[in-house]
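Engineer: The structure under discussion is supplied below as structure tokens; questions concerning it will follow.
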Amino acid sequence: MGARSGGAHGNPRVTTFKQNSDRSLVDVPAVFTQYGGVTATGVGPVTGGPEGWLIAGNRLSGPGVWVTDDPSAFTKVEGEPALTGPAGYEAIAQSGVWDASGWTLVGGGAHRGSMADRDPAAWTSSDGLTWAPEDVPSSSTPEDMHRAVLLADGHLQAVGLSGDHFASWTRTDEGWQPATEFGRVANTWRGTPYVASTAATKDELLATVSTGDSYELWGTPLGSSAWRRLPAPMRPATASDHTLIAATNGDRVLLVGDDGNESGVWTNESRD
């Protein structure tokens with residue numbers, strides 16, 4: 001996926017790309033209202049699974065998704081009752097993930113007028129078209145799930161914000177567990193703090209976060225809540241074109257960074 005500002009109002013024009021049989025990437029034509037239009041709010045990250053792909057985002061009605069089993073044609077799901085929630089409830093979807101049996105969407109929500117005190121929110125779907133909300137433990141602290149990842153043990157883990165700290169939530173067979181806090185947002189922000197990425201190896205969960213001042217790399221052994229700050233080859237300052245992203249295929253870790261002056265890609269075997 002990609003986006004570029006354009007048109008009379010400079011709004012992002014979102015484009016998806018598909019891979020041809022020769023492994024080349026080509027853009028997929030889409031009408032403006034597919035991702036934009038008068039009900040648009042934002043389009044988030046894309047994730048994949050054995051059943052296809054899911055794009056998380058938001059519309060004026062609330063969370064929305066785009067889903068497909070063929071990357072040449074996404075179906076927009078907008079105004080789905082379980083995602084929009086009851087009257088007076090406002091939610092924001094941050095990202096989605098394949099959870100081994102269907103899709104899970106994570107974000108946050110609150111009653112109208114109190115989004116600053118939002119609670120973590122999650123929804124599940126077997127096909128990406130119809131959804132059901134999940135119960136997630138919350139506290140008096142504003143909380144929001146940003147990214148989620150499927151762990152090697154079959155559990156799901158989400159990472160986001162809890163007040164002035166970052167936090168992780170684990171979904172076990174008994175449901176979502178209370179948050180575990182780690183790290184801290186900066187006292188002075190260059191940009192809004194958020195979780196940029198999550199990646200799970202066979203024995204560790206990694207997360208890259210922006211404190212609002214700079215990016216950091218964190219990790220925790222699977223099955224543990226003992227998060228620790230990890231050394232990173234680059235620590236970009238928070239800015240619109242800067243980033244630090246981690247990804248993995250389960251064994252090898254890929255780290256991509258850009259600090260505005262230079263960019264880099266680093267890889268190694270899974271961390272000990």
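Engineer: Cα centroids of segment 19-43 and segment 102-176: how far apart, whole angstrom?
Structural biologist: Comparing the Cα centres of segment 19-43 and segment 102-176, I get a distance of 27 Å.
Engineer: Per residue, how much accessible area does segment 200-256 show when a 1.4 Å probe rolls over the protein heavy atoms, in square angstrom?
Structural biologist: Per residue, segment 200-256 has 41 Å² of solvent-accessible surface.
Engineer: Ordered by packing density, taken as the mean number of other Cβ atoms within 10 Å over each peptide's residues, highest first, how do 104-112, 27-35 rank?
Structural biologist: Descending mean neighbour count gives 104-112, 27-35.
Engineer: Roughly how big is the chain's charge dipole about its Cα centre, with Cβ charges of +1 (Lys, Arg) and -1 (Asp, Glu), in debye to the nearest 20?
Structural biologist: 640
Engineer: Right, something else. Evaluate E = 1/(1 + (r/R0)^6) for Asp135 and Ala100, where r is the Cβ-Cβ distance and R0 equals 22 Å; express this FRET efficiency to the nearest 0.05.
Structural biologist: So the FRET efficiency works out to roughly 0.65.
Engineer: How long is the gain from Asp203 to Asp164 if the chain were fully straight, where each residue apart is worth 0.36 nm and the alpha carbon distance is subtracted?
Structural biologist: 11.3 nm
Engineer: Then there's this: Who wins for biggest fluctuation among Leu161, Leu150, Leu25 in a Gaussian network model of the chain, springs between alpha carbons below 10 Å?
Structural biologist: Looking only at Leu161, Leu150, Leu25, the biggest GNM fluctuation is shown by Leu25.
Engineer: Carbon-plus-sulfur fraction of the accessible area of segment 96-174, 1.4 Å probe, in percent?
Structural biologist: Carbon with sulfur: 46 percent of the solvent-accessible area.
Engineer: Find which of Pro178, Gly128, Thr75 sits farthest along the positive direction of the dipole of the chain, computed with +1 on the beta-carbon of Lys and Arg, -1 on that of Asp and Glu, about the Cα centre.
Structural biologist: Thr75
Engineer: Another question, if that's okay. Estimate the FRET efficiency between Ser21 and Arg228 by the formula 1/(1 + (r/R0)^6), using the beta-carbon distance for r and 51 Å for R0, to the nearest 0.05.
Structural biologist: Efficiency for this residue pair is about 0.70.
Engineer: Among 47-55, 194-202, how do they line up by average Cβ neighbours within 10 Å per residue, starting with the highest?
Structural biologist: The densest-packed peptide leads the list: 194-202, 47-55.
Engineer: Counting other Cβ atoms within 10 Å, which trypsin sites (Lys or Arg not before Pro) in segment 15-94 have at most 11 and lie in a DSSP loop?
Structural biologist: Arg23
The values are calculated or read from the model by the stated rules, or taken from the named source; none is laboratory data. Not measured: the values here are computed from a predicted model. Cβ: placed from backbone, ideal geometry, glycine included. Neighbour counts: every protein chain shown. Only protein heavy atoms, including side chains, enter the accessible area calculation; ligands, DNA and RNA are left aside. Shrake-Rupley method; radii C 1.70, N 1.55, O 1.52, S 1.80 Å.
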